[in-house]
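*Asks:* Below is a structure I'd like to ask you about.
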Amino acid sequence: MENVNLKSGEFLVKDVEAKNIFIPEEFNEEQKMIAQSCRDFMEAEVLPKLDEIDKGDRQLMKDILKKSGELGLLGITIPEEYNGFGQSFLTQMLVAEVIGAGYSFSVAFMCHCGIGTMPIMYYGSEEQRKKYVSKLATGELLGAYCLTEPGAGSDANSGKTNAKLSEDGKHYILNGQKMWITNGGFCDTQVVFAKVDNDRILSAFIVESDWDGIVIGPDEHKMGIKGSSTTQIYYNDVKVPVENMIGKRGEGFRIALNILHMGRMKLGANVVGAAKQTITDSVRYANERKQFGTLISTFGAIKQKLAKMVVKCYAHESAIFRVSQDVDILIDKYKSEGKDQGLAGIEGIAHYAVEDAILKVWGSEMLDFVVDEGVQIHGGMGYSAEMNVERGYRDSRINRIFEGTNEINRLLVVEAATKRAMKGDYDLFGPAEELYNNISSITNDEVPDESYFDKKRRYMKNFKKAIMLTVYSATQKFGRKFMREQEVVNNLSDMIMELYLAESAVLRVEKLEGIKGDNPINKDILDVFVNDTAYVIFKNAKDAIYSIAESEEAEKLMGAIKTLTDIEGVNVMNACRRIADKLIDDNEYKF
Amino acid sequence: MKILVCISNVPDTTTKIKFTDNNTKFDSTGVQWVINPWDELALTRALELKDDASTGVKSVTVGHVGTASADPTIRKALAIGADDAIRVNIEPTDAYQVAAQLAEVVKAEQFDIILCGIESSDFNGSTVGSMVAEFLDYPSVSAVSGLNIEDGEPVITREIDGGKEIVNVPAPFVAVVQKGVALEPRIASMRGIMQARTKAIKVMEPVDVDVLTEVVTFEPPQPKPECVFVEEDNPEKLIELLQNEAKVI
């Protein structure tokens, strides 16, 4: 791969050519086969058992996970020397997308393969990897991740679980309580975070579930993902051998945060699989359900819903695979520089902190939109527990809460982007100041006879300028403490997220046209999405600017924002009808 | 003992079938291609026999008549567990042509058991297997729902009206298999997918075969007629519709 990727957040100030991004239409034969095996497995072992799974039978979930292990699906992320298959991050994200359509199974699978296994793979010693990772890769062991405590949720470092070094120096004596532990009811190994003695920062440990002093609570009764075992775990004088500390003492908080970066990326892919499934379920229902003597899929109001579901899903899918290639390139670079493969893996992911927070927030809200409209299209039947769309609606909701709440992640989008700019990764404030100083001469840079994609690229440049101006005025007003004005930060975050999605979709459709020729439906999707993007950026800029600037200043800024978000009108009705008609004709999501 | 499993490359069973060129050609745009489901069952049974050391089955080869566009489907058969593959490089036109090419594959490589699915899920010809046997002058057993090898001898179960028929047949032979020969198709494992990278797909050039049939036109099925509901207190309306619309009474 040519090293042309951008640094995290750099998309705010720099453009990338379509030829340099990865699009999902480029997956090779082997990657498609891996995805198909995951689909075949889900169809054989998961989807026929959804009702049984949701009854919370721990043994059933354990058995299904073990079967996926027999096929090698639990080892996709793990290098070959530890019984895995060493697949690229792109392939991992493709698998995460497919598994994402598996409701509670998806949560159990992703927990095991991700947060249950990867802290040991990324940060563990060679001995720890051989002893644990090589068995987690096959499903001989099943893993869990224990960070959250009753008093420590988003503020993870405030946990009280303590690890005291024993007098003989051979063990840490673990005491405390963890909660919301996915796979808690059947896990064999746990990655547990605790503070050693009176440390202020967490350390991480590998704990085996059958050690003395561990009590695993009953499964929580939850709104959704009912088949996923979620428990509290209590530690009473549990003797953890000193060699089971992961990394160094006090390194746990960094491990925990970096692992969450991985979790957010993967969640961003999971929601695409779930959304595609819901869209397919919804169009199939609409193609069968008749009212007023006609199929409801012929009604404009239903077509509009179906089209908007597709548009959001498509844009998000474009973003997840765009960043996945960036991650792969960076991991390869780190490896070529001699970095340990585990550290190269996690640091390649964690670098893209702006993008992973975007994927997490935007993706989880995209899925909530899709399942909500899915229920609506099903009407009364959508409220019946007989339909998968009802399960999908309940299961979706957790995505906005776990892996860092969307509130935390919205702040992180802006914090990570501005911090990296301040650190010198790219110049955000220089061009922003220049724009501000020449605000009266800002135009929308329209030129005669622009091509379709030239126009879209110009819109993206203008949106970037609108974001820079808003960021600049926020930082001018509040200085370094602007992150405390969380409402304004949320506006900035929404603008940045929408831009990243829109730009990813533009680049995907442009590249696809180069490969497969003109595709009017993809352009319809793009037109509808970019049209919405202009409004989202305008609206959030306006909210932010009037919250931070005095009226004269605000009007000056808004004059520029209006120019920069002024885009050609789109016949949204006809575009949505064409998108929906393709979906209705295919009777499944095939975009 | 060597087994050849003949596989067809067919549109996924959920594909919406469309035609082009004035309904003379199948429109393959956007089609997902898969191993013909009956052939996949044949492959599964062949691999089960190979897994059981007592059967003496040493290798399972897949044979296909088609262009390189079918290689992903062949590669999947290799990922599921076939040892190697032979593809005869010609666009398939009809069952006679396909059977003639497959017979050449058998002549070139010598197999003991040749398995074909009872039909392909696209054109449903149900004739390739028996034609292959005819070209080779091998015995052929149809509608096979069970295949075992006991003490080195093939034992075949056929579904017949009201029961089963057990048949012994000397190798080499052709078995045309149907549902029941294996329970569920195998899922390609990660290890299988990785190993498939290095397994050979041997390409054979076709022999000249007369074209015996030509497609004149395809006719898509008529859309389902509208369902008419008649109120229960209106039998006269029902009778009128049955007489004048449906014309069945």
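*Asks:* Rounded to the nearest 500, what is the 222 nm mean residue ellipticity of chain B from helices alone, with -39500 (n - 2.57) per DSSP H run of 4+ residues and division by all residues? Please report the intermediate quantities before stating the final value.
*Replies:* Details: 6 runs with 62 residues, N = 249.
Mean residue ellipticity, 222 nm, calculated: -7500 deg cm²/dmol.
*Asks:* For the charge dipole of the protein assembly as shown, defined by +1 on Lys and Arg C-beta atoms and -1 on Asp and Glu C-beta atoms about the Cα centroid, which residue among B:Ser54, A:Ser451, A:Ile201 has the Cα displaced farthest towards the positive pole?
*Replies:* Working it through, the farthest residue towards the positive pole turns out to be A:Ile201.
*Asks:* Continuing with the same structure: Non-local amide H neighbours of A:Leu165 (under 5 Å, H modeled in plane, Pro and chain starts lacking H): which ones?
*Replies:* Counting only residues 5 or more places away or on other chains, the set is A:Ile173, A:Asp197.
*Asks:* How large is ³J(HN,Hα) for each residue in the range A:354-363, as worked out from phi by the Karplus curve 6.51 cos²θ - 1.76 cosθ + 1.60 (θ = phi - 60°), to whole Hz, x for Gly and Pro?
*Replies:* Ordered by residue, 3J(HN,Hα) equals 5, 5, 5, 5, 4, 4, 5, 5, 5, x Hz.
*Asks:* In the range A:3-39, what GluC sites (Glu not before Pro) fall in a loop by DSSP, with at most 14 other Cβ atoms inside 10 Å?
*Replies:* Numbers: sites: A:Glu10, A:Glu17, A:Glu25, A:Glu26, A:Glu29, A:Glu30; in loops: A:Glu17.
Passing both the DSSP loop test and the Cβ count: A:Glu17.
*Asks:* Right, something else. Per-residue Cβ counts within 10 Å, from other chains only, averaged over A:71-82: what number is that? Present the calculation step by step, with values, prior to reporting the outcome.
*Replies:* Details: counts 8, 7, 3, 1, 2, 1, 0, 0, 0, 1, 0, 0.
Across A:71-82, the average partner-chain Cβ count within 10 Å equals 2.
*Asks:* OK, next. Measure up A:Lys582/B:Lys199; A:Lys7/A:Lys276; A:Lys55/B:Lys50; B:Lys50/B:Lys107; A:Lys266/A:Lys308; A:Lys333/B:Lys202 against 28 Å on the Cα-Cα distance and list the ones that go over.
*Replies:* In this structure, A:Lys582/B:Lys199; A:Lys7/A:Lys276; A:Lys55/B:Lys50; A:Lys333/B:Lys202 lie more than 28 Å apart at Cα.
*Asks:* Right, here's the next one. Compare the peptides B:87-93, A:293-299 by average per-residue count of other Cβ atoms within 10 angstrom and give them in order, highest first. Can you show the working numbers first?
*Replies:* Working: B:87-93: 17.4, A:293-299: 14.9.
The most tightly packed comes first, giving B:87-93, A:293-299.
*Asks:* Work through the residues other than B:Gly125 whose Cβ is under 11 Å from its Cβ and net out their charges, Lys, Arg +1 and Asp, Glu -1. Before the final figure, lay out each step's value.
*Replies:* Values: positive: none; negative: B:Asp94, B:Glu119, B:Asp122.
My count for the surroundings of B:Gly125 gives -3.
*Asks:* Identify the GluC sites (Glu not before Pro) of the range A:447-516 meeting these criteria: DSSP loop state and at most 16 other C-beta atoms within 10 Å of the C-beta. Provide the component values of the computation, followed by the final result.
*Replies:* Numbers: sites: A:Glu450, A:Glu485, A:Glu487, A:Glu498, A:Glu503, A:Glu510, A:Glu513; in loops: A:Glu450, A:Glu485.
Of the GluC sites (Glu not before Pro), the ones in loops of the range A:447-516 whose Cβ has at most 16 other Cβ atoms within 10 Å are A:Glu450.
*Asks:* Could you state the number of Å between the C-alpha centres of the range A:80-142 and the range A:450-495?
*Replies:* Cα centroid to Cα centroid, the span is 37 Å.
*Asks:* Another one. For B:Val177, list long-range residues whose amide hydrogen, built 1.01 Å from N in the peptide plane, is under 5 Å from its own amide hydrogen.
*Replies:* B:Cys116, B:Gly117, B:Ile118, B:Val144
*Asks:* Next question, about the same structure. Let me know the mean shielding of A:26-36 by other chains, meaning the per-residue number of their Cβ atoms within 10 Å of its Cβ. Intermediate values should be presented prior to the final figure.
*Replies:* Working: counts 0, 0, 1, 7, 7, 1, 3, 10, 5, 0, 8.
Partner-chain Cβ atoms within 10 Å, mean over residues of A:26-36: 4.
*Asks:* Still on this structure, please answer the following. Write down the percent of antiparallel bridges among all DSSP beta bridges whose residues are both part of the range B:2-221, to the nearest 5.
*Replies:* Working: 17 of 43 bridges.
Bridges in the range B:2-221 are about 40 percent antiparallel.
*Asks:* For the range A:471-483, in order, what is each residue's ³J(HN,Hα) by Karplus, 6.51 cos²θ - 1.76 cosθ + 1.60 with θ = phi - 60°, in whole Hz (x at glycine and Pro)?
*Replies:* 4, 4, 5, 5, 6, 5, 6, 9, x, 5, 8, 4, 5
*Asks:* Treating only the Cβ atoms of Lys and Arg (+1) and Asp and Glu (-1) as charged, compute the dipole magnitude of the range A:257-408 about its Cα centre; round to the nearest 20 debye. Each step should come with its number before you reach the end.
*Replies:* Numbers: 19 positive and 20 negative charges, 113 e Å.
So the magnitude is around 540 debye.
*Asks:* From zero up to wherever the largest Cα-Cα distance of chain B sits, split into 10 Å bins and tell me the percent of pairs in each.
*Replies:* With 10 Å bins starting at 0, P(r) equals 7, 28, 30, 17, 9, 6, 3, 0.
*Asks:* Whose amide H sits under 5 Å from the amide H of B:Val155, counting only residues 5 or more places off or on another chain, with H placed in the peptide plane?
*Replies:* B:Asn148, B:Ile149, B:Glu150
*Asks:* Can you give me the Kirkwood hydrodynamic radius for the range A:200-318, using every pair of distinct Cα atoms, in Å to one decimal? Spell out each step's value before the answer.
*Replies:* Details: mean 1/r = 0.0523 Å⁻¹.
Evaluated on the range A:200-318, it is 19.1 Å.
*Asks:* Let me ask something additional. Across peptide B:186-197, how many C-beta atoms of other chains are within 10 Å of each residue C-beta, on average? Kindly include the intermediate steps, with their values, before the conclusion.
*Replies:* Details: counts 3, 14, 8, 7, 14, 4, 4, 10, 7, 0, 3, 2.
For peptide B:186-197, the averaged partner shielding equals 6.
*Asks:* Using θ = phi - 60° and the Karplus curve 6.51 cos²θ - 1.76 cosθ + 1.60, what whole-Hz ³J(HN,Hα) does each residue of the range A:150-163 get, with Gly and Pro shown as x?
*Replies:* x, x, 9, x, 4, 8, 5, 6, 8, x, 9, 4, 10, 10
*Asks:* Based on the mean of other Cβ atoms within 10 Å per residue, sort peptides A:572-578, A:314-320 so the most packed one is first. Display every interim value, and only then the final one.
*Replies:* Working: A:572-578: 17.4, A:314-320: 27.1.
Ranking the peptides A:572-578, A:314-320 by packing returns A:314-320, A:572-578.
*Asks:* A further question follows. For the Cα atoms of chain B, what angle does the longest principal axis make with the long axis of helix B:71-80, in degrees from 0 to 90, nearest 10?
*Replies:* 70 degrees
*Asks:* Still on this structure, I have one more. Give me log10 I(q)/I(0) at q = 0.06, 0.07 Å⁻¹ for the protein assembly as shown, Debye formula, one equal scatterer per alpha-carbon, no solvent.
*Replies:* Each listed q maps to, in turn, -0.47, -0.64.
*Asks:* Principal axis extents for the range A:501-591, Cα atoms only, whole Å, descending order, please.
*Replies:* Principal axes ranked by extent give 53, 26, 19 Å for the Cα atoms.
*Asks:* Can you give me the Kirkwood hydrodynamic radius for the range A:479-525, using every pair of distinct Cα atoms, in Å to one decimal? Before the final figure, lay out each step's value.
*Replies:* Details: mean 1/r = 0.0778 Å⁻¹.
For the range A:479-525, inverting the mean 1/r across all distinct Cα pairs yields 12.8 Å.
*Asks:* Between Rg and the Kirkwood Rh of the range B:107-249, both from Cα atoms, what is the Rg to Rh ratio? Don't jump to the answer; show the numbers that get you there.
*Replies:* Working: Rg = 24.4 Å, Rh = 20.6 Å.
We get a ratio of 1.18 for the range B:107-249.
*Asks:* With runs of 4+ DSSP H residues as the only contributors, calculate the mean residue ellipticity of chain A at 222 nm using -39,500 (n - 2.57) per run, divided by the residue total and rounded to the nearest 500.
*Replies:* For chain A, the value works out to -18000 deg cm²/dmol.
Bear in mind that the values in this text are calculations on the coordinates, not laboratory data. Source: prediction; values computed, not measured. We place every Cβ from the backbone using ideal geometry, glycine too, and count neighbours over all the protein chains shown.
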